[in-house]
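Before any comments, here is the structure.
The values are calculated or read from the model by the stated rules, or taken from the named source; none is laboratory data. Note that this is a predicted model, so its numbers are computed, not measured. Neighbour counts run over all protein chains shown; Cβ positions are idealised from the backbone, glycine included.
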Amino acid sequence: MLYALLCYHDEDVVTSWSKAEDDAVLAKRRRVQQGMIDQGRMGPAVRLVPTSAATTIRVSGNEQIVLDGPFAETKEQLLGFYMVDCDSLDEVIEFAKRLKEGESVTFEIRPIRIFEKGVLSGKETLAS
């Protein structure tokens, strides 16, 4: 079954990390992911750009309103996600525990049901 591990963290904390601190976190996570990669069970890992670059579309009556910024003011923000193929919830929980070891990140685990496969393949984009 496919699962998403939604990564929540205090964006101010994460953006205050030095390049070395950030690189260390990502290197540790890559080591944990390697087993899933080797088994062909690791999907994309995505880091979202800061919430200051977010755009939100809300509905007010019959009007669609476009707003700058994230949809909610919270202490923790959704900063990225991982997709993995695991045989059970217990397996993905163990993977998430290893992934977050030594970090204060919060992972929310959600089963995924793909309803549109999409057409992007190996395409990397970076918002400007």
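Some notes on this structure:
- Taking the stretch 1-103 and the strands (runs of 3 or more DSSP E) fully enclosed by it, the elements with 3 or more residues that are under 16 Å from the mean Cα position of the chain (by Cα) and of a type outside the set (A, V, I, L, M) are at 2-9, 42-47, 77-85.
- Among the numbered conditions (1) surrounded by fewer than 12 Cβ atoms within 10 Å (Cβ to Cβ); (2) at pLDDT 95 or above, the only one that Phe81 does not meet is (1).
- Boolean, Thr74 is over 20 Å from Gly40 (Cβ atoms), polar (S, T, N, Q), in contact with a His (Cβ under 9 Å, 6 or more places away or on another chain) and surrounded by 12 or more Cβ atoms within 10 Å (Cβ to Cβ): no
- Of residues in the stretch 68-111 being touching a Gly at 6+ places or on another chain (Cβ under 9 Å) and among the aromatic types (Phe, Trp, Tyr), the one farthest from Ala4 (Cα to Cα): Phe95
- Test: residue in the stretch 87-104 that is touching a Leu at 6+ places or on another chain (Cβ under 8 Å) and among the charged types (D, E, K, R): no
- Residue check for Arg113: within 19 Å of Ala27 (Cα to Cα), of a type outside the set (A, V, I, L, M, F, W, C) and either at pLDDT 95 or above or outside any strand (DSSP E or B) (or both): no
- Only one entry in Arg31, Arg41 is among the basic types (Lys, Arg), surrounded by 15 or more Cβ atoms within 10 Å (Cβ to Cβ) and over 16 Å from Phe107 (Cβ atoms), namely Arg41.
- Boolean, Gly61 is modelled with pLDDT of 85 or more and on the phi > 0 side of the Ramachandran plot: yes
- Residue in the stretch 59-70 that is closer than 25 Å to Ser121 by Cα and either touching a strand residue (DSSP E or B) at 6+ places or on another chain (Cβ under 8 Å) or surrounded by 10 or more Cβ atoms within 10 Å (Cβ to Cβ) (or both) present: no
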